[in-house]
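One structure is given here, and the rest of the page talks about it.
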Amino acid sequence: MQMFAYMQAWVKLPSAYTQFMSPTEHTQHTPLQGVPGPEVTPASVKVDVSGGSGMTIEWKDGHKSHYSFSWLREACPCALCDDARTKDKREPGQAAKPDPMALPMFKPTVKPTETAGVGKYAIRFTWSDGHQHGIYSWEFLREWCPCRQCHALREMAKLEDQPAQ
């Protein structure tokens, strides 16, 4: 059993996970095929809703990821958010560029009002802006880990995928 922290309370989640699709950039992953390895299986998940610091996942392979709530909201994997990010050529977690013609407005910090596990493969947030459709699979979260090391690995992979000139 793994431990899942929710609003200062601990909820036990089973450690067995359903199957996942292979990762594809800018898509929501669903449990359809492939077996997740230890790198996409959380050992523990802590969501600090009351403190507002975000979510920390310790993966079974020893890696530790921290996701701020603003990163998570910008990374929402639902079809609507994914489409908007793709059109703007943004990666998950990247904020939209402000319209240079618009007046700057105060925008309250978006934070989760509710958090729930989704089956054995994901977590879902209901956000203070009313959005609630994103299902953040463990595979998606590990693929887009915002730590420096994972970010550098993604950047190196992009360079390797570019055609030679």
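The values are calculated or read from the model by the stated rules, or taken from the named source; none is laboratory data. Keep in mind it's a predicted model, so treat the numbers as computed, not measured. Positions of Cβ are generated from backbone atoms using ideal geometry, with glycine treated the same way; all protein chains shown enter the neighbour counts.
Name the residues in the stretch 82-93 that are under 15 Å from S137 (Cα atoms) and over 11 Å from the mean Cα position of the chain (by Cα), would you?
At the first step, the residues of the stretch 82-93 found to be under 15 Å from S137 (Cα atoms) are 82, 92-93.
Residue satisfying the conditions is D82 alone.
If R124 passes every condition in (1) within 16 Å of W59 (Cβ to Cβ); (2) modelled with pLDDT of 95 or more; (3) of a type in the set (D, E, K, R) but one, which one does it miss?
Here R124 meets the rest and fails (1).
Scan the stretch 129-159 for residues that are among the hydroxyl-bearing types (S, T, Y) and either within 14 Å of V47 (Cα to Cα) or loosely packed, with under 14 Cβ neighbours inside 10 Å (or both) and jot them down.
Here is the first cut: in the stretch 129-159, the residues among the hydroxyl-bearing types (S, T, Y) are 136-137.
Scanning the stretch 129-159 gives a single hit, Y136.
Among (1) surrounded by fewer than 14 Cβ atoms within 10 Å (Cβ to Cβ); (2) assigned to a helix (DSSP H, G or I), there is one condition C81 misses while meeting the rest; what is its number?
Every condition holds for C81 apart from (1).
Which ones in the stretch 45-70 are of a type outside the set (D, E) and part of a loop (DSSP other than H, G, I, E, B)?
Answer for the stretch 45-70, where residues must be of a type outside the set (D, E) and part of a loop (DSSP other than H, G, I, E, B): V49, S50, G51, G52, S53, K60, G62, H63, S68.
Under 7 Å between Cβ atoms, at least 6 apart or on separate chains: pull out the pairs that start in the stretch 58-86 with a residue that is within 17 Å of P42 (Cα to Cα) and touching a residue at least 60 places away in the same chain (Cβ under 8 Å) and end on any residue that is surrounded by fewer than 16 Cβ atoms within 10 Å (Cβ to Cβ) and among the hydrophobic types (A, V, I, L, M, F, W, C).
So the pair list comes out as S65/C147.
Being within 26 Å of V45 (Cα to Cα) and buried (at least 18 other Cβ atoms within 10 Å of the Cβ) narrows it down to one of T126, T115, so name that one.
After ruling out the rest, the residue left standing is T115.
The conditions are (1) farther than 14 Å from L141 by Cα; (2) surrounded by fewer than 13 Cβ atoms within 10 Å (Cβ to Cβ), and K64 fails exactly one of them. Which is it?
Against the list (1) farther than 14 Å from L141 by Cα; (2) surrounded by fewer than 13 Cβ atoms within 10 Å (Cβ to Cβ), K64 comes up short only on (1).
Can you find a residue that is basic (K, R), in contact with a His (Cβ under 7 Å, 6 or more places away or on another chain) and in a helix (DSSP H, G or I) anywhere in the stretch 87-97? Quick ask: steps written out before the conclusion?
Our first condition is that a residue be basic (K, R); within the stretch 87-97, this holds for 87, 89-90, 97.
Subset that is in contact with a His (Cβ under 7 Å, 6 or more places away or on another chain): none.
No, that holds for no residue.
Considering only the stretch 106-165, how many residues are free of Cβ contacts under 8 Å to residues at least 40 places away in the same chain and either in contact with a helix residue (DSSP H, G or I) (Cβ under 6 Å, 6 or more places away or on another chain) or in a loop (DSSP other than H, G, I, E, B) (or both)?
Total meeting the criteria: 10.
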